[in-house]
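Quick note: the coordinates plus some simple rules give every number you see, no bench work behind them. Since this is a predicted model, take the numbers as computed values, not measurements. So basically every Cβ, Gly included, is an ideal-geometry build from the backbone, and we count neighbours across all protein chains shown.
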């Protein structure tokens, strides 16, 4: 089925579920590549964004081929970025449905109940996080023949590999530990989601990603994300003479020791002349206060995904990063600008005792498979 083909000759309608700003960005990239139309795009192509946003108001604007459902998290930074990204989706003429999916004990029941009808009517389901229990529950309701997984960064690499090996769906930084009571209770739903995400005669599966895929399940279509929408809408940026650093949530997820991380950031900033530190949306306030006090870096809390921030500019001539999604995405978003992306390996001595046994190998793989980046040796921390 083509992106435009629906039932009985009607245009297909796509329902996308996102829980993070990057997922929503990549839904917009996927829709741009496949030519999905927003409301009024044929008749109102030159309207300014604030007018288009009014025209596109409401749950599903007439003529829109895509509705984005935001399963809103509770974290304030993530919510803020998601609201900005939702505005950009409305600017494109797409429908946006904001769900307070975690707003209390009864919220999941209201959310799932309210989405049951749209889920059954949708021709195609797009999801940003196949590991999400919310998304896995919603997959049990849909009848859609086309399922699309858009990039959620390094998690996408692990999802495709696990699907290819027929393994249960587990996030890479949790793999190796024993399943908890909630994992065991949810296991039937997770198994059902894995079956639904396996291509069959009745179901097509596409993975839209900028990440390298070493293991691809039979029948899965992999489509490359080259950030064409981002490059068309933003920039080119003004380039500064200094370096910028990209933060990571590896401390917050229990993979890297906090003191070791701070020492590494300090040494990298000193060696490469970095002046700004773009915080990951999950980094804790206490950690960022300590980083600012002990390194002298200006801490920046981005209001949009870093690919858009960098493309808008100003941005440093060199961007320093630890192993993360951005070492794959930033070179694509900044193609032709002359900005250099440099990645610093994680030294094994930085890992915590609680880190997954697979952590070092996975992080090294993230770095080693990145294209168009300069690789730095692990700094002494």
(message) Starting from the 7 Å offset along Cα-to-Cβ, what nm value, one decimal, do you get for the label separation of residue 141 and residue 347?
(response) 5.0
(message) If packing is taken as the average number of other Cβ atoms within 10 Å across a peptide's residues, how do 290-296, 80-86, 332-338 rank, most packed first?
(response) 80-86, 332-338, 290-296
(request) Report, in cubic angstrom per residue, the convex hull volume of the C-alpha atoms of segment 190-281. (result) 182
(request) Mind ranking 145-154, 205-214 by how tightly packed they are, going by the mean number of other C-beta atoms within 10 angstrom, highest first? (result) 145-154, 205-214
(message) Could you compute Rg(Cα) / (2.2 N^0.38 Å) for segment 55-138, with N its residue count?
(response) 1.09
(request) Give me the angle, in degrees from 0 to 90, between the Cα long axis of helix 107-121 and the longest principal axis of the Cα atoms of the chain, rounded to the nearest 10. (result) 50
(request) Please work out the ratio of the alpha-carbon Rg of segment 232-376 to 2.2 N^0.38 Å and round it to two decimals. (result) 1.00
(message) Cα atoms only: what Rg and Dmax, in Å, come out for segment 215-269?
(response) 18.3, 47
(request) Subtract the Cα-Cα distance of residue 275 and residue 239 from 0.36 nm times their separation in residues, and report this length gain in nm to one decimal. (result) 11.6 nm
(request) Calculate the radius of gyration of the Cα atoms of the chain to one decimal place, then report Dmax, the largest Cα-Cα distance, as a whole number, both in Å. (result) 20.7, 64
(message) Give me the percent relative contact order of segment 232-376, please, defined on Cα pairs under 8 angstrom at least 6 residues apart.
(response) 30
(request) With label points built 7 Å along Cα→Cβ from the Cα atoms of residue 289 and residue 120, find their separation and express it in nm. (result) 5.2
(message) If I model a spin label at residue 187 and residue 226 as a point 7 Å from the Cα along the Cα→Cβ vector, what separation in nanometres do I get?
(response) 4.5
(message) Could you tell me the relative contact order of the chain? Use alpha-carbon pairs under 8 Å, at least six residues apart, and round to a whole percent.
(response) 15
(request) Would you mind checking the tilt of helix 258-272 against the longest principal axis of the Cα atoms of the chain, expressed as 0 to 90 degrees and rounded to 10? (result) 70
